[in-house]
Ligand SMILES: NC(=O)c1ccc[n+]([C@@H]2O[C@H](COP(=O)([O-])OP(=O)(O)OC[C@H]3O[C@@H](n4cnc5c(N)ncnc54)[C@H](OP(=O)(O)O)[C@@H]3O)[C@@H](O)[C@H]2O)c1
């Protein structure tokens, strides 16, 4: 695969949890060079610690950081995005690409605070990016071209899978895959608890639950088969699984998960900044 990022200068504004995961992966995989990469945070002491850890320039001056770079990644909290845009807008040019990971901040909100024609890409990653197993949904703003989307996808492919959607779907992406790890951790915790209930040591129960979840997810991704079909293959007539499925149906697991994602999507819309 070609490295579209080779030779690009990048400024990542807000190297907190998500920003650092991304930066570290891009540097470690050699997709960005340390000398062409800079980052910012709010606090001087954190800047020093991060610079020592990542071996890149880290400061607290956003305007200084974006001068002359090719890609500006905005990874501050959503409520800080407008302040940061105000600081950098005088230095941003249409030759640069802005990639924002801020939840619920529409591309139009970012565009209105910048000079005209600046390409903006909005991305919604999730925490499993930490282990290269992330899922990132991306969409483009008014001025972004296909090559800008491809460049942004390349950044997030380093930490997992990517999918490009229309911006109207970004709140749903937030609710499903960005919040999703929390739902799966609850399911894992419950399955491990169930193992304990039926006599397994907790560590073994957790291993069984987690590896089973990973395996089932890989089968869905790698075969492309419908999950219902795969479920049928596990369900022997008059066997154990069908008894368990009856309990799940009675407990309304399906509708509960559907309602959870619907609620989170509504909340992401309510939180829209801009
Ligand atoms: N965490 C997730 O699962 C996740 C998933 C998808 C998207 N996101 C998005 O990622 C963004 C960051 O979330 P996070 O969880 O990484 O938050 P975080 O750990 O709190 O990171 C925010 C970073 O922004 C820095 N910062 C604050 N004000 C700044 C300013 N004016 N200029 C430059 N840097 C500034 C902070 O600096 P200090 O370290 O010095 O305080 C901190 O490093 C949010 O917009 C969120 O919606 C997060």
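Cα axis of helix 146-157 to longest principal axis of the chain: angle in degrees, 0 to 90, nearest 10?
60
Of the beta bridges DSSP finds with both residues in the chain, what % are antiparallel, to the nearest 5?
Just about 15 percent of them are antiparallel.
Once you keep just the Cα pairs under 8 angstrom separated by 6 or more residues, what percentage relative contact order results for the stretch 1-143?
20
In nm², what is the average projected area of the convex hull enclosing the Cα atoms of the stretch 163-274?
Numbers: hull surface 36.2 nm².
For the stretch 163-274, the mean projected area of the Cα convex hull comes to 9.0 nm².
Using a 7 Å offset from Cα along Cα-Cβ at residue 272, what residues in the stretch 62-83 end up with backbone N under 19 Å from the label point?
78-82
Pairs of Cα atoms under 8 Å, at least six residues apart: use those to get the relative contact order of the chain, whole percent.
14
In whole angstrom, note down how far apart the Cα centers of the stretch 66-143 and the stretch 1-65 are.
Centre-to-centre (Cα) distance: 15 Å.
With a cut-off of 8 Å between alpha carbons and a minimum separation of six or more residues, what is the relative contact order of the stretch 31-97 in percent?
28
Quick one: order 32, 257 by neighbouring beta-carbon count within 10 Å, fewest to most.
Numbers: 32 26, 257 12.
Result, fewest neighbours first: 257, 32.
Compute the helix-to-body angle for 202-223: its Cα long axis versus the longest principal axis of the chain, expressed 0 to 90° and rounded to tens.
The angle comes out near 70 degrees.
Please figure out what share of the DSSP beta bridges in the stretch 88-222 is antiparallel and state it in percent, rounded to the nearest 5.
Taking every DSSP beta bridge within the stretch 88-222, about 35 percent pair in antiparallel fashion.
Subtracting the Cα-Cα distance from 0.36 nm times the residue separation, let me have the gained length for residue 43 to residue 252 in nm, one decimal. Display every interim value, and only then the final one.
Details: separation 209, 0.36 × 209 = 75.24 nm, distance 4.68 nm.
Extending this stretch completely gives an extra 70.6 nm.
Would you order 20, 100 from fewest to most other beta-carbon atoms within 10 Å of each residue's own beta-carbon?
20, 100
Just to confirm the number: angle between the C-alpha axis of helix 240-250 and the first principal axis of the chain, 0 to 90 degrees, nearest 10?
In the chain, helix 240-250 runs at an angle near 60 degrees to the longest axis.
Just 229, 85, 12 to compare: in a GNM of the chain, with alpha carbon springs under 10 Å, which one fluctuates most?
Most flexible of the set in this elastic network: 229.
Just from its helices, what would the mean residue ellipticity at 222 nm be for the chain, if runs of 4 or more DSSP H residues each count -39500 (n - 2.57) and the sum is divided by every residue, rounded to the nearest 500 deg cm²/dmol?
So the calculated ellipticity at 222 nm is -15000 deg cm²/dmol.
How many Å³ per residue does the convex hull of the Cα positions in the stretch 107-150 occupy?
80
We did not get these values from a lab; they are worked out from the coordinates using the rules stated. Everything numeric in this text was worked out from a predicted model, so none of it was measured. Cβ sites come from the backbone with ideal geometry, for glycine too, and all protein chains shown count toward neighbours.
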